[in-house]
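Enquirer: Mind looking over this structure? Questions follow.
Throughout, read-outs are computed from the coordinates displayed, never taken from laboratory work. Every value quoted in this text rests on a predicted model; they were computed, and no experiment measured them. No Cβ is skipped: glycine too gets one built from the backbone with ideal geometry, and neighbour counts run over all protein chains shown.
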Amino acid sequence: MTALTTAALGSVEASLAAGVSGVPLAVGDISNLFTSPTELASVFIEGLAKASLYLMIASGLTLTFGLMDVINFAHGAFTMYGAYIAGTAVLTVGVGSMGAVSSVGVFVLLIIGVFVLLALLGVVFEVALIRRLYEYPPIYMILLTFGISITMEELMRIIVDYWNVNSGREAVGWSIPREETVPEVLQGTFDVAGISIGGLHPFQILLGVLTVAGIWYFLNETRYGLFVRAGVEDDEMARALGINIKRTFTVVFAIGSGLAGAAGVMLMWSPLWRVNVPLALGVLLPAFVIVIVGGLGSFKGTVVASVLVGMLDALATWAFQVKVVTFTDVDQLLIFAILVVMLILQPRGLFGVEGQGDHG
Amino acid sequence: MTLLELDGVHTYYGESHILQGVDLTVEKGEVVALLGRNGVGKTTTFRSILQLTPPQEGSIRFREEELTGKDTYEVADAGIGWIPEDRRMFSRLSVEENIRAAVPNNASMSDALELAYETFPVLAERADQRAGDLSGGQQQMLAIARGLVGGNDILLVDEPSEGLAPKIVTDVGEALLSAAESVPILLVEQKLGLALDLADRFYVMDHGTIVDSGETSEVGVDDERLRRYLSA
């Protein structure tokens with residue numbers, strides 16, 4: 001270790017002492033992130049895992065809001081329902097005590113099942129309610145989806161209270177005893193070449209990659225994906241070419257809702273999110289930030305913004321853990337700082353498409 | 001059997017009464033020109049047929065089947081193709097994707113692409129380019145190609161020569177002429193010479209109604225009969 005870093009470490013101690021004595025922000029030394037490749041790799045992998053969660057949260061919204069222009073405030077409520085359905089299922093089935101293969105198998109079935117269930121719910125909402133307001137100014141859609149969200153949240157609160165799911169736990173929400181339900185194979189951390197990796201991280205990253213691949217394939221390689229992209233750009237022309245835009249938009253809304261639910265399944269094991277009613281709002285804000293930062297109408301933008309937010313979140317979490325900063329929630333703050341900076345520098349977002357979301 | 005028949009069609013944009021009783025017919029094998037100054041309702045006639053701006057009164061029949069009240073995609077499925085003013089490319093889609101989007105669900109994709117690329121070889125060269133990056137003439141070719149691959153029994157062609165260089169106008173005219181061998185066309189075209197060259201019959205519109213009609217062989221470009229309705 002060089003004299004320089006020793007001196008720097010000394011200053012960390014000094015600033016930590018200062019932090020204890022009441023200084024809110026103790027600016028410490030972040031050099032060990034760069035001098036220790038394994039530390040850096042750990043943060044990087046955690047960043048990718050977080051990015052995958054953010055991506056799953058935002059991927060449904062990038063379809064409904066980014067492409068279809070539905071300012072979908074009910075998005076988070078769909079995620080919350082997905083989390084509750086999956087959470088109830090894993091408690092009932094007792095996934096935690098199962099073997100590695102069967103517990104992961106149940107999890108995959110849950111993702112598919114929740115996706116289908118919430119996609120069907122999305123169809124019901126789109127056909128019965130959302131569809132009627134496409135031609136109206138956006139405020140109508142905001143009020144409608146906000147109303148749907150509140151109704152869904154309160155309904156879940158009633159269900160949770162009635163069946164006493166919360167008994168003995170926090171007043172609001174159902175904090176699933178996560179460790180019991182996480183399959184053993186995914187618990188704890190393991191070391192690869194000195195790099196410490198959370199057990200869930202590779203799993204989350206894998207699902208994130210699969211989500212990206214699945215949506216990319218749908219949009220670019222399927223006939224419906226082609227209809228979606230055509231209809232989003234010019235719905236009149238698409239209809240005049242024989243494309244049933246109403247049905248196409250129903251399908252897109254269904255997929256967006258299903259993805260929102262599937263994200264909930266993913267979040268139930270993440271200690272930062274878990275299963276609770278306020279999850280609806282907790283998910284909604286970062287999802288909107290990511291879609292806006294990435295740029296409306298651009299799936300690539302959403303992927304890049306998810307990675308950006310995930311990496312910064314991981315970095316901020318690390319900075320808190322090693323006490324470079326001594327206040328919590330710096331990750332939340334960073335997410336919105338990214339939004340503010342983006343709106344000032346490039347209001348259309350990273351890869352925003354001209355005309356998309358202009359409501360002209 | 002009359003292919004397309006409009007009977008007393010009245011169409012509004014909000015409070016504005018645009019079409020005030022339009023009657024016209026297109027028979028099989030015909031090219032029919034719809035002439036008239038800007039703003040007399042030619043494009044609205046197309047939009048009415050397509051049910052993009054549904055008429056409030058009157059009847060539009062295609063092969064004796066009533067179109068009013070149908071959804072636009074059903075009108076398209078029935079065999080009516082639209083080559084709109086300004087081309088209306090899906091500019092962010094590739095040339096090939098633009099063509100694919102126009103092919104009916106049950107039709108052969110490879111046949112459709114072959115037809116489009118044979119008719120306009122330049123489109124084959126640019127198949128993977130974004131349609132928005134094409135020149136105006138190439139966009140017009142792509143718009144016509146979309147109409148051709150749609151398996152349509154009539155094409156509604158709106159201002160195909162607008163904004164194109166004279167050389168390109170000739171190409172587009174030839175493309176339409178070859179298209180007309182297989183599919184009837186209802187054509188809106190400001191260049192009277194081109195319109196009369198392509199069409200067998202004509203209708204003249206003024207203030208939302210048909211004011212004159214006849215065979216194109218009866219009239220010339222400088223004919224007073226047409227001029228008084230066409231010059232500003």
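Enquirer: Which of B:Ser213, A:Ala263, B:Phe46 sits closest to the plus end of the dipole of the protein assembly as shown, meaning its Cα is farthest towards the positive end, when Lys and Arg get +1 and Asp and Glu get -1 on the C-beta?
Expert: It is A:Ala263.
Enquirer: Within a 10 angstrom radius of the beta carbon, how do A:Leu284, A:Leu339 rank from fewest other beta carbons to most?
Expert: Ranked by crowding around the Cβ, least crowded first: A:Leu339, A:Leu284.
Enquirer: Could you work out the relative contact order of the stretch A:53-275, using alpha carbon pairs under 8 angstrom and six or more residues apart, expressed as a whole percent?
Expert: So the answer I get is 45 percent.
Enquirer: Can you give the % of DSSP beta bridges in the protein assembly as shown that are antiparallel, to the nearest 5?
Expert: Given both bridge residues lie in the protein assembly as shown, the antiparallel proportion sits at roughly 60 percent.
Enquirer: For B:Val204, enumerate residues with amide H under 5 Å from its amide H, sequence gap 5+ or separate chain, H modeled in the peptide plane.
Expert: Excluding prolines and chain starts, which carry no amide H, the hits are B:Leu35, B:Val211, B:Asp212, B:Ser213.
Enquirer: Still on this structure: Peptide B:75-82: average number of partner chain Cβ atoms within 10 Å per residue?
Expert: 3
Enquirer: Right, here's the next one. Within a 10 angstrom radius of the beta carbon, how do A:Val127, A:Val265, A:Val283 rank from fewest other beta carbons to most?
Expert: With the fewest neighbours first, A:Val127, A:Val265, A:Val283 line up as A:Val127, A:Val265, A:Val283.
Enquirer: Quick one: P(r) of chain B from all Cα-Cα pairs, 5 Å bins, percents rounded to integers, in order of increasing distance.
Expert: With a bin width of 5 Å, the distribution comes to 1, 7, 15, 18, 20, 17, 12, 7, 3, 0.
Enquirer: Tell me, what ³J(HN,Hα) does each residue in the stretch B:117-122 have, in order and in whole Hz, if you take phi through Karplus 6.51 cos²θ - 1.76 cosθ + 1.60 with θ = phi - 60° and put x for Gly and Pro?
Expert: Running phi through 6.51 cos²θ - 1.76 cosθ + 1.60 with θ = phi - 60° gives 6, 5, 5, 10, x, 5 Hz.
Enquirer: Would you please put B:21-30, A:292-301, A:40-49 in order of how densely packed they are, using the mean number of other Cβ atoms within 10 angstrom per residue and starting with the highest?
Expert: Put in order of decreasing packing, that is A:292-301, A:40-49, B:21-30.
Enquirer: What's the angle, to the nearest 10 degrees (0 to 90), between helix B:166-180's Cα axis and the longest principal axis of chain B?
Expert: Value to nearest ten degrees: 80.
Enquirer: Moving to a separate point now. Which whole number gives the average count of other chain Cβ atoms within 10 Å of the Cβ atoms across peptide B:45-58?
Expert: 1
Enquirer: Could you work out the local net charge near B:Pro104, counting Lys and Arg as +1, Asp and Glu as -1, over the other residues with Cβ closer than 14 Å to its Cβ?
Expert: 0
Enquirer: So, one more: Could you work out, residue by residue across A:202-209, how many beta carbons of other chains sit within 10 Å of that residue's beta carbon, and then give the average as an integer?
Expert: Rounded to a whole number, the mean comes out at 0.
Enquirer: On to the next question. Going by a ≥ b ≥ c, the root eigenvalues of the Cα gyration tensor, does the protein assembly as shown fall in the rounded group (a/c under 1.5), the prolate group (a/b larger than b/c) or the oblate group?
Expert: prolate
Enquirer: Looking at the stretch A:53-275, what % of the alpha carbon pairs are farther apart than 23 Å?
Expert: Roughly 51 percent, once rounded to a whole number.
Enquirer: Classify the stretch A:36-157: rounded, prolate or oblate, from the alpha-carbon gyration tensor (a ≥ b ≥ c, eigenvalue square roots; a/c under 1.5 rounded; otherwise prolate if a/b is larger than b/c)?
Expert: oblate
Enquirer: Given B:Lys70/B:Lys191; B:Lys28/B:Lys167; B:Lys28/B:Lys191; A:Lys246/A:Lys300; B:Lys42/B:Lys70, which pairs have Cα atoms separated by over 27 Å?
Expert: From the list (B:Lys70/B:Lys191; B:Lys28/B:Lys167; B:Lys28/B:Lys191; A:Lys246/A:Lys300; B:Lys42/B:Lys70), the Cα-Cα distance tops 27 Å for B:Lys70/B:Lys191; B:Lys28/B:Lys167.
Enquirer: Within a 10 angstrom radius of the beta carbon, how do A:Met80, A:Met268 rank from fewest other beta carbons to most?
Expert: Least to most surrounded, the residues fall as A:Met268, A:Met80.
Enquirer: Rounded, prolate or oblate: pick one for the stretch B:33-99, where a ≥ b ≥ c are the square roots of the eigenvalues of its C-alpha gyration tensor, a/c under 1.5 means rounded, and failing that, prolate if a/b is larger than b/c, else oblate.
Expert: oblate
Enquirer: While we're looking at this one, here's another question. Near A:Leu67, within a Cβ-to-Cβ distance under 12 Å, what is the net charge of the other residues, with Lys and Arg +1 and Asp and Glu -1?
Expert: Taking every Cβ under 12 Å from that of A:Leu67, the sum is -1.
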